[in-house]
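A quick write-up on the structure given underneath.
The values are calculated or read from the model by the stated rules, or taken from the named source; none is laboratory data. Quantities reported herein were computed from a predicted structural model and do not represent experimental measurements. All Cβ positions, even for glycine, are placed from backbone atoms using ideal geometry, and neighbour counts span all protein chains on display. Heads up: the accessible areas ignore ligands, DNA and RNA and are worked out on the full protein's heavy atoms, side chains in. Shrake-Rupley method; radii C 1.70, N 1.55, O 1.52, S 1.80 Å.
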Amino acid sequence: MYLPAAFRQEDLAELHLQIHQSRLATLVCQGAGGLVASHLPLLLEPGEGEYGTLYGHLARANPHWRALADGAEALAVFNGPDAYVTPSWYAAKAEHGKVVPTWNYIAVHAHGQAEVFDDAERLLHLVGRLSDRHEAGRPQPWALGDAPREYIDAMLRAIVGFALPIRRIEGKWKLGQNRSQADQDGVREGLGASTDERDRELARRMAPSL
C-alpha cells in the first residue's frame, strides 16, 4: 500500500480496532491461475502472535483455499469509512484557488501465510464464534444449536477453515493531515453536515487536533 508518512497509522490497538469494525474483509492471494480474491468476515485474535491472528473460512468449492494451503502469501484488506472531499471545503480555495478534489479513507492491510484446516470441531467452534459475534444485539439471536446437528455437520463438510497469523500490518488514515488546520476544519465540517452516514463517520474520525 502506498503509505506517505503523514497518513501512516502504527498504533497496533487502533489497527486492531479497525479490523474489528470492518465487518467484511477482502482476502487476496496468488492462485494457480492468477490472483484470487474472496470477500468474507474474519475474526481477529489479537493476543496470538506478534500482530494477532485472523480466522475465517471458505467454501470447499472455492479454489482460493487451495492457494492458501499451498503456502501463498495472503493479504487481508479491511476498509473503514471513506468519503469524497470537494475543494469547496478548503479555506485555501478562497485564498488562492490551487486545490483539487481528493478521497479520504481509512484502511488496514494485514499480510501473512495461512494454515488451512477442516477438522469438524475446530470448524464448529469458528462458525459458532462468527455467528455469535454478528448475531449479538439482535432481539432473538440465532445460534448454531437452533439448527439440526446433522444439517450443521453437512454444512461444515462444505467449508474449509484457515488461521492467518499476521506477519506484517499497515494502516492508512488518509484524513487530510498534510493540509493546513483551516483546510482540515473545513473538510470535517463539510463531511459532518452531510446526509450520508459514511461521510459523517469519517468526520468523527478526524480529530480536531490533527
19 Å cut-off, amide nitrogen to a point 7 angstrom out along L144 Cα→Cβ, residues in region 27-46: 41-45
Rg and Dmax [Cα atoms of region 115-210; Å; Rg one decimal, Dmax integer]: 21.7, 62
Protection-proxy order for peptides 198-207, 102-111, 41-50, 145-154, each taking the mean of Cβ atoms within 10 Å per residue, highest first: 102-111, 198-207, 41-50, 145-154
Residue-wise HN-Hα coupling along region 155-165, computed from phi with Karplus coefficients 6.51, -1.76, 1.60 (Hz; x: Gly, Pro): 5, 5, 5, 9, 10, 10, x, 8, 10, 10, x
Tilt relative to the chain, helix 181-192 - C-alpha long axis, 0 to 90 degrees, to 10: 60
Tilt relative to the chain, helix 120-135 - C-alpha long axis, 0 to 90 degrees, to 10: 40
Whole-Å distance, taken between Cα centres, linking region 172-210 and region 35-55: 29
For region 134-184: rounded, prolate or oblate by the Cα gyration tensor [a/c cutoff 1.5]: oblate
Extension gain (nm, one decimal) between R168 and V77, 0.36 nm per residue minus Cα-Cα: 31.5 nm
Tail fraction, Cα-Cα pairs, region 37-97, threshold 17 Å, whole percent: 62
Dipole magnitude (debye, nearest 20) for region 77-210, charges at Cβ of Lys, Arg, Asp, Glu: 520
Estimated FRET transfer efficiency (R204, A61; beta-carbon r; R0 45 Å; 0.05): 0.65
Residues of region 116-210: accessible area per residue with a 1.4 Å probe, Å²: 57
Selection from G176, A61, W142, by position along the positive dipole direction of the chain (Cβ): G176
Long-range Cα-Cα pairs in the chain (distance over 29 Å), rounded percent: 38
Interchain or long-range residues, amide H under 5 Å from I159's placed H: R60
Computed label-point distance, nm, for sites S194 and Q177 using a 7 Å Cα→Cβ extension: 2.0
Farthest toward positive dipole pole in the chain [+1 Lys/Arg, -1 Asp/Glu at C-beta], among V85, A25, A74: V85
Selection from V36, A114, T102, by position along the positive dipole direction of region 1-116 (Cβ): T102
Gain upon complete extension [R129, Q21; 0.36 nm per residue less C-alpha separation]: 37.3 nm
Whole-Hz couplings from phi, Karplus 6.51/-1.76/1.60, listed for region 167-177; x for Gly and Pro: 9, 8, 9, 10, x, 10, 10, 8, 10, x, 5
Spin-label model distance (nm) - L35 vs T102, 7 Å beyond Cα toward Cβ: 2.4
Rounded to 10°, Cα long-axis angle of helix 12-21 versus longest principal axis of the chain: 70
Other-chain or far-sequence residues with amide H under 5 Å of Q9's (modelled H): G171, K172, W173
Derived scalar couplings ³J(HN,Hα) [region 90-95; Karplus, 6.51 cos²θ - 1.76 cosθ + 1.60; whole Hz; x for Gly, Pro]: 7, 4, 5, 4, 6, 7
Inter-probe distance in nm under a simple model that places probes 7 Å from Cα toward Cβ, at K93 and A154: 5.9
